[in-house]
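**Q** I'd like to ask some things about the structure below.
The values are calculated or read from the model by the stated rules, or taken from the named source; none is laboratory data. Given the structure is predicted, the values throughout are model-derived calculations rather than measurements. Heads up, the Cβs are rebuilt from the backbone with ideal geometry, glycines too, and the neighbour counts pull from every protein chain shown.
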Amino acid sequence: MPNERQSHLLKKCEAALGRQEFFSFYQELIKELKSIQVGVWSFDDDIPRCLFIRHLQNPLFGEVAKTIYLAGWYQHDPVLKEVKALEVGTRIIESFRETKDKYPEEFLRAFSSIFKENNPEFGFSDRITLLAATPTLRMVMHLYFDDTREIDQELFPTFVDLSIRHFSAAPQLTATYEPEPHPVLAKLSDREREVCLGILSGKKAERIAADMDIAASTVVTYRRRAYEKLGINTRASLFELCQF
């Protein structure tokens, strides 16, 4: 049974379905699930649509993961085929650690920085994936956990139900909850900003270069230009400037 805090948030989410204020209660509910990042995706078209993504400790980390995924890596994601094949009314819950073998090696390498063993500061111990198919929406919800011992699946069915009802009722709100990348980075070019986002998510120059399909030396050039515009000269200064 939900505790008093959880029951309160469930009622608030219920009352705010289809409205902008839903997201503030939704994020608090995610915390109650002991998750530190959530990603909600719709797979009704050939290209997936990100309905909601948020790392609760470092919002830019989620933004970087979304950018990499939409750059084409979704085509290698076995979850895409799974959710498209689901019969209407079906819901599935699965652990990434328990189903890791079905993911191609190149896909795992592309997202290696999201795992705690590679990124102790912002990485995850495990990801729980919830798949659901309705007559109008095929959704995948990823919940990322810092400590797998804290995973409590009791609220998962309610979380799936709220997600489906909200995003089905208000698809026009799916992208408006998330602020633009940190305003400090607004003065940068797209490439300079992408490099800084990679740095903020804990990646090294070689990994950023691979994600952007450019040479590592070009990453260094974009980093230097970005730092000059921002008036800084170290990675630590970038984190301090963006308040992480």
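**Q** If you go through the range 181-231 one residue at a time, how many are part of a helix (DSSP H, G or I) and either surrounded by 13 or more Cβ atoms within 10 Å (Cβ to Cβ) or among the basic types (Lys, Arg) (or both)?
**A** 33
**Q** So how many residues does the range 137-174 have that are closer than 23 Å to Glu4 by Cα, at pLDDT 80 or above and among the hydrophobic types (A, V, I, L, M, F, W, C)?
**A** 7
**Q** Has the range 101-110 got at least one residue that is under 24 Å from Asp190 (Cβ atoms), within 17 Å of the chain's Cα centre (by Cα) and either hydrophobic (A, V, I, L, M, F, W, C) or outside the structural domain of His166 (by TED's automatic domain parsing) (or both)?
**A** yes
**Q** Moving to a separate point now. Tally up the residues in the range 51-97 that are closer than 23 Å to Glu121 by Cα and not polar (S, T, N, Q), please.
**A** 17
**Q** Follow-up. Search the range 158-171 for residues that are in the same structural domain as Pro135 (by TED's automatic domain parsing) and pair each with any residue that is part of a helix (DSSP H, G or I) when their beta-carbon atoms are under 6 Å apart and the residues are at least 6 apart or on different chains.
**A** Final answer for the pair search is Leu162/Cys13; His166/Phe22.
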